[in-house]
């Protein structure tokens, strides 16, 4: 209460000063309150963002709609090495990016869908899948069954994911700070290492790796040695090593390698 | 030759297949990283990433562009003081202070104060910027490291040197005495000179010697004087006669 009166009288004194009437009595006994200016960042301009009609993540089928399901071989190559598709932004601004290979189950996909749909604000945000529904059959023998007797029945379908593949893309009239918590929460639950990137941070990440490759002070590179088959080293290398140049160990990415 | 013969003649004892069947099965474990072959480990460590040397941190080297310190009011004040010091004093000695303790410094100050010499400390940067614009610009190279100024209105070099001799950590670099820049050796030789009054006296005595001799000669007996003059004329004529003959 007192402060309000003080502020009011302070305003009065300020007015008096403006008019040129110096009131010595008031001036001497009151502490004149000076208002400072606070500069804030200009908020980002989202005027050009067009939100799609369906902003939430779609439901994904648990299994593909095959007439006769066929058992497949393990084919672990579908999680090794870097992703060649869905490794760049399309419409969104932020994405969960896989930092290693692995298989997404329907359960993982459902977890992502429920978490993001529940926590994001559909008025300002939209989310899109960047992975297909589970299509690769995984067979398993029933519990307590004796070994032998051929390949087991199809247990579930999975989605293979390679390093650098986008899982979910999020965009709209939001900033990273608003959406980051939800996305990291999802990324931590995935069966491989995953990270949340924005367009800028992904470009910076890729540039950092390119710079590392450019500024490597080691005269011996993996590529030269393997191409030249120095000391017969190809004996212990797999054909995949020739194209990955030692940057991958199976499904794992080795970020310290160039 | 012998080897080829042996190979042909002797029967084959054993046969090794050229191609060996190696099974590459069961690599289904994807949970962990599979152990690397030892040669591949070596290859990975040989071809590891070596980052470029780190650049020097910012502020490690002095700035390329020297900022103008004219705006700093403290610098202006110090410069004013320096100006008055340089105008008033006849002896300005620059001494390097290589780690003398406070006690030693107090003792030295006390000794110098007896002879009317004061000890002054000025920041080197300010001194250099002051000297750059003044007539004492040749003194600038002396101001490197910890430097101390000894200042007195009279050029009391002997006293200063005697008090400096006792303090081990103070080293005389040079001095400006009576608007003359002297090195440390020059200061020592300056101190060996006699005082101005003595030199003046010598000069005056040298000048008065001739006149006094003339006066004394005039006071002698006139006969002696006339003899001297005759001799002088003789000498002049003997010298002048050959010259006259040559002229004619």
Practice item. Using label points projected 7 Å from each Cα along Cα→Cβ, tell me how many nm separate residue A:69 and residue A:38, to one decimal. Key: 5.9 nm
Exercise for review: Give the distance, in whole Å, between the Cα centre of the range A:173-205 and the Cα centre of the range A:52-108.
Suggested key: 17 Å
**Study point:** Cβ-derived FRET efficiency at R0 41 Å, residue A:47 paired with residue A:240, nearest 0.05
**Key:** 0.30
Exercise for review: Evaluate the relative contact order of the range A:127-258 (contact order divided by residue number), counting alpha-carbon pairs under 8 angstrom at least 6 apart; express in whole percent.
Suggested key: 19 percent
Exercise for review: Would you please put B:52-59, B:228-235, B:37-44 in order of how densely packed they are, using the mean number of other Cβ atoms within 10 angstrom per residue and starting with the highest?
Suggested key: B:37-44, B:228-235, B:52-59
Review point. Could you state the per residue volume, in Å³, of the convex hull enclosing the Cα atoms of the range B:57-148?
Key: 138 Å³
Review point. When chain A is treated as a GNM, springs tying every alpha-carbon pair under 10 Å, which of A:158, A:196, A:60 comes out with the largest mean-square fluctuation?
Key: A:60
Practice item. Considering only A:31, A:58, A:70, give the residue with the highest GNM mean-square fluctuation for chain A, with springs between Cα atoms whenever their separation is below 10 Å. Key: A:31
Practice item. Can you tell me the 0 to 90 degree angle between the C-alpha axis of helix A:2-19 and the longest principal axis of chain A, rounded to 10? Key: 70 degrees
Point to revise | Within 10 Å of each Cβ in B:43-55, the average number of Cβ atoms from other chains | key: 6
Revision key, fill the gap. With only helices counted (DSSP H, runs n ≥ 4, each -39500 (n - 2.57)), the per-residue ellipticity at 222 nm for chain A, to the nearest 500, works out to -9500 deg cm²/dmol
Review point. What full-extension length gain, to one decimal in nm, is calculated for residue A:54 and residue A:200 as 0.36 nm per residue of separation minus the Cα-Cα distance?
Key: 50.0 nm
Study note, to complete from the structure: With a ≥ b ≥ c from the Cα gyration tensor eigenvalues, square-rooted, and the rule rounded for a/c under 1.5, otherwise prolate when a/b > b/c and oblate otherwise, the range A:109-258 is oblate
Review point. So what are the radius of gyration and Dmax for the Cα set of the protein assembly as shown, in Å?
Key: 49.5, 166
Review point. Whole-Å semi-axes of chain A's equivalent ellipsoid, largest first, each the root of 5 times a Cα gyration tensor eigenvalue?
Key: 58, 29, 15
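Determine, for each peptide in A:247-258, A:129-140, the mean count of other beta carbons within 10 angstrom over its residues, then list the peptides with the highest first.
The peptides rank, most packed first, as A:247-258, A:129-140.
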Point to revise | Cα long-axis angle, helix A:199-214 against chain A (0 to 90 degrees, to the nearest 10) | key: 60 degrees
Check your understanding: Taking each residue of A:234-244 in turn, how many C-beta atoms of other protein chains fall within 10 Å of its C-beta, and what is the average?
Key -> 2
Study note, to complete from the structure: Output for the range A:92-159 (equivalent-ellipsoid semi-axes, sqrt of 5λ from the C-alpha gyration tensor, Å, descending) is 35, 13, 9
Study note, to complete from the structure: Taking only the Cα positions of the range B:154-233, the convex hull volume per residue in Å³ is 156 Å³
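Partner chain Cβ atoms within 10 Å, averaged over the residues of A:250-257 - can you pull that number for me?
Across the residues of A:250-257, the mean count of other-chain Cβ atoms within 10 Å is 3.
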Study note, to complete from the structure: Residues B:217, A:120 in order from fewest to most other beta-carbon atoms within 10 Å are B:217, A:120
Check your understanding: Helix A:176-188 sits at what angle to the longest principal axis of chain A, using alpha carbons and giving 0 to 90 degrees rounded to 10?
Key -> 30 degrees
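FYI, it's all coordinate maths here, none of it is from the lab. No experiment lies behind these values; they were computed from the predicted model shown. Note that we place each Cβ from the backbone using ideal geometry, even for glycine, and neighbour counts take in every protein chain shown.
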